[in-house]
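What follows is a set of notes on a single structure, which appears directly below.
Just so you know, all these numbers are worked out from the coordinates, no wet-lab data involved. Remember, it's a predicted structure, so these values are computed and weren't measured experimentally. Virtual Cβ from ideal backbone geometry, glycine too; neighbours counted across all protein chains shown.
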C-alpha cells in the first residue's frame, strides 16, 4: 500500500496499441490493498491483457461484489464504468447490465467469500445461463477485510493464521463451473503472470460464460505454513496442464513447434488460443475429461492450472433469448411502444 | 318468506372445485351480463393449490357501477359438496340456491328461507357426453345456460361471445352453444323463470374495458418501454411477467429479423431478479421486476443500493396477506411501510397507488419514466384484489407519439464539450444529479458506482460533510418527486364538513360507494384518494382543513396512517383508522358502518358538551 499519488504524466516514448492507448491508459487508482497482495498482480494482468487485446477501455464494464477482491476494479481500467455491487450479487447485476447492452465487454471480479459462500447461488446460475463475461475469482481461501476467517474455498485440514484447523470441505468453483455449463474454465495463480495474461485474454474474447479461478495468496492472513493458498504451497503443488499463447485474428505466427506439441483452438471471433501441451493426453475441449482430471489431481493435493476446458463455439444468454443485435438500452419509444392504434384494438378485445 | 327481488343489483357466488374448468365458465357468465349493459365486478377467491380445493367466484351485478365487494350473497351456485354447508349458510335470507340435483340430498341440507333450484347437471352432461373431461367442462357451460334463463340473460349474448372466442374453431363453437342450450332448455321446461333477482338490459357499461390489473400493468410496462424483465414466480404477481411476455411476443419482435426487443429472465430467486434489474437500470435499459411482499423482503438490500447509488428500478408489488408466507391468495395493503422505507439506513421510496386495471396500466408506464427521471426505485403498489380479478374500468389511452422521459443522462457530446460531470452533484437544485451510461465516452464521464459513501464526484469518501451533502440532496430529490408523482384526487362533500377521509388503491371502489351511502344518512365527508408517496403539500392542506380525517386501509396496523403521521407530523388522534384486514376485499358496508358509528358518537359527544 502506498500513499504516493500516481504521476499522470506519460513518457512520450511509451508504446501505444492499435487503438492508440498506452498501457498506462488501462491503469486505475493506486491500490489500497496490502503490499504483496496477489490481487494486485491480477489487476496488473487484467491491465496487460486489455492493452494487448486493443480494447478501448470505455468499452469494458467492470463489476464486483464486496471484499478485498471486489475493491480491485477501482485499481484498473480507470476509464471504464465500474460497479461495486452488494456481497455475492455481482453475477445478477452483471447479467442485467449485459442484457441492457450486449455491445460492451463485461468483466466480473469477485472473491472466494463473495462467490463461494454468500454468492454461490448467483455464481452457479450465471454459469448455467451462459452470460457472456470474463468472471475472475481472486481466490485466497480467507476473509481478508474482516481479518482472517476461513472462506468456503479453504481446504479441509488447512490451518488459519491463528492456528485453527479447517474442518469443512472446500467449495471447488472450477468443478462447479464445469458441471453447470460454463464454456471456458481455467485456473491460474496470481504469481504466474505468463500463464494468467493469455488466460484472461482468452476469457475476454470468449463468446459465452468464461470463468477463471485465480489462486491469489493473502500475504497478511493466509501465507503461512499449513495454509494451502500460500505462495510457497501453490508454487510447490502447481500442476499446469498447458502453456497458452493468445493470438488475435490475422496475426503472423512466427514460432514453430514440433508436431503434436501444440493445439490451436479458434474462438468464435477468430482469435486463436495456442496451447502448448504439458500433458500430452489432456484435451481441453472435453468437459468430462476435464472434470475427471481435476478430481484426480485435486485428490492428490495438486493445484491444476491452465485452460481446463473450453467450447470454442460457445453461445450466450442473448443467443438463447434471441435478443436484438442492437443494444436494448439504445431503443426508444418509436421502437418500443406499440402506439395508440394498437391500444384501441386491445381495448376492443377487452369489451 | 319474502324473496329478494332486485333487478340489476345482486351478488351471485359460484362455489367450485379448483382445476375443474369452472373459472372460464364463470367469467363467461360475467361477460354476458356486461354485454347486457349491466356492470359486474367479479372476484376469485381461491386457495394456494392447483387441483381439488374449494374455489369461489363472487360476482356483483350492479347497474350503478359500484365495483367494490358488497358482502352477502343473494344467489349461491353450489357446485362443491366439500363446502356445501358453509356455502348454504352464507346465502342471505330470501335468497336463492342453485345446485346439481343429480344425487338427492336430505331436506336437512337445505334452508327453508332460501329458494332451491335443482338442475340435474351431471345427468344432463353424462347423457350427452362420454369423455369424462368433456362431461366436466360442459357441465359448467350447462349451468351457465340454466342460470342465463333464470336470471334473464339473452342467449344471443352468449352466442356472440362464443363466436368471438372460438373464431375459426367451428367445432368448439358449436359444442359450446349446444351445451348452453341444454341448460337453457331444461330450465324452460321444468322451472318458473326469471327469478326475483335478474338482469335487464341497460346502458351502463359504455366503452369500459374488462381486464385484470396484472395484465394491465404488464401492458403499461410494454408501452412504457421496459426492455429487461427479471422475476421469480410468486402469487399473486406471476401473471405480470407472464402477460409481459405475451405482449412482447406480439409487439416487440423485430419484423425483419425476428429478434426480440426485450429480454425476460426467470431468475433463481428475488435477490437475483432485483439484481438484474439494478444492473440493467445502471446500464440504461428500462427494467422491472414483479413480486409480492415476501419478495420485497428478499430484495431490500438491493433496494437500498439502488436508492443510495441512484439507479432507476421499477418494482410492481402485487400485495397479498402478510406477514411471512401469510395468506398467499388473499388480498391486503400491508406492504406500505416495508416498501416506503425498504432497506437499512435512512431510506425513502416512491410508491404509486393504482386503484384499478386502468391505473395499473398508466402507473406502470409512468413508473418507468419516474425511475429514469428520479434515478431511484419506484414501486407500483397493486394488490391481489386489483391484480388477479377482472374489473370494469376506463379504456387504456396512450397519447400518440409520446416519447419517454429518459431523465438526466449526459451524452458524449456534452462530455466532449467539457460539461462538468459530478455524478452525485446537485447542479439543477432539484436534488437529481446527472448520470452517464457505461461506454459513453473514451476518456470522460466514467465513474465508479458503489454502495459506500462518496463525494459529489463519486469518489469514495467517509467525510461527514460529504455524507451530509449526499443525504440532504437525496431528501431534496424526494421532495421533487412529490410533485412529479400522480397527485391526490379530492371528492368534495355536497355540503361543507369538518370530516375528511383518506384512502388509496383497491379500497377506492368500496370507498366511493360508502361515501354515497353515508350521504344518504346525512353524513358528509370530503374524501382524498392518495395516488402516490411522497405526499405533496395538498395532503398536508387537506388534513389541516378538517378536524377529523379517517384513514381507510386494508392492513392491521394502519400503515398509511403511520406514514402520514411520520412524514407530516400530525397528531395520530386526528386521524382515526378504519381497518379491514381479514384477507377479503374491503366492502362499502364495512366502511360506511365504521365511519357512521364514529361520526354519530362524535356528534353525540359534541351535543353533550354543548
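Some observations on this one:
- Look at where the Cα atoms of the range A:60-74 and of the range B:337-393 average out, and the two centres are 32 Å apart.
- As a rough guide to protection, the peptides A:146-155, B:297-306, B:370-379, A:231-240 ranked by mean Cβ packing within 10 Å, highest first, stand as B:370-379, B:297-306, A:146-155, A:231-240.
- Residues A:115, B:22, arranged from fewest to most other Cβ atoms within 10 angstrom of their Cβ, appear as B:22, A:115.
- Taking 7 Å steps out from each Cα toward its Cβ at residue B:154 and residue B:495 produces label points 4.4 nm apart.
- Computed from label points 7 Å out along Cα-Cβ, the spacing between residue B:541 and residue A:266 is 7.3 nm.
- Summarising the strand pairing of the range B:6-198, around 50 percent of its internal DSSP beta bridges are antiparallel.
- Rounded tilt (10° steps) of B:293-309 against the dominant C-alpha axis of chain B: 20
- Residue B:608/residue B:109 FRET efficiency (R0 45 Å; Cβ-Cβ; nearest 0.05): 0.30
- Per-pair calculated FRET efficiency, R0 = 22 Å: residue A:59 and residue A:248 via Cβ, rounded to 0.05: 0.90
- Taking the DSSP beta bridges with both ends in the protein assembly as shown, the antiparallel portion is around 35 percent.
- In nm, spacing of pseudo-spin labels at residue B:172 and residue B:7 (7 Å Cα→C-beta vector): 3.7
- Considering only Cα atoms, the convex hull volume of the protein assembly as shown works out to 220 Å³ per residue.
- Gaussian network model of chain A, Cα within-10 Å springs - most flexible of A:216, A:70, A:169: A:169
- Taking the DSSP beta bridges with both ends in the range A:23-349, the antiparallel portion is around 40 percent.
- Average other protein chain Cβ within 10 Å of Cβ, residues A:74-82: 4
- Relative contact order, percent, the range B:224-292 [alpha-carbon distance under 8 Å, six or more residues apart]: 55
- The range B:6-198, relative contact order [Cα under 8 Å, separation at least 6], %: 21
- With a 10 Å cut-off around each Cβ of B:398-405, the average count of Cβ atoms from other chains is 4.
- Partner chain coverage, peptide B:448-455 - average Cβ within 10 angstrom: 5
- Here r is the Cβ-Cβ distance between residue B:259 and residue B:123 and R0 is 56 Å; the resulting FRET efficiency, rounded to 0.05, is 0.50.
- Our note on the geometry: Cα centres of the range B:6-81 and the range B:174-247, 11 Å apart.
- Mean sequence separation of contacting Cα pairs (under 8 Å, at least six apart), scaled by the length of chain B, corresponds to a relative contact order of 12 percent.
- Net length gained if the chain between residue B:556 and residue B:344 were fully extended (0.36 nm per residue, minus Cα distance): 74.0 nm
- In degrees, nearest ten, helix B:588-609 long axis to first principal axis of chain B (Cα): 70
- A straight line joining the Cα centroids of the range B:397-457 and the range A:139-191 runs 39 Å.
- The angle between the Cα long axis of helix A:339-349 and the longest principal axis of the Cα atoms of chain A comes to about 80 degrees, rounded to the nearest 10.
- Paramagnetic label zone (point 7 Å from Cα along Cα-to-C-beta, residue A:168; backbone N under 18 Å) in the range A:93-132: A:111-124
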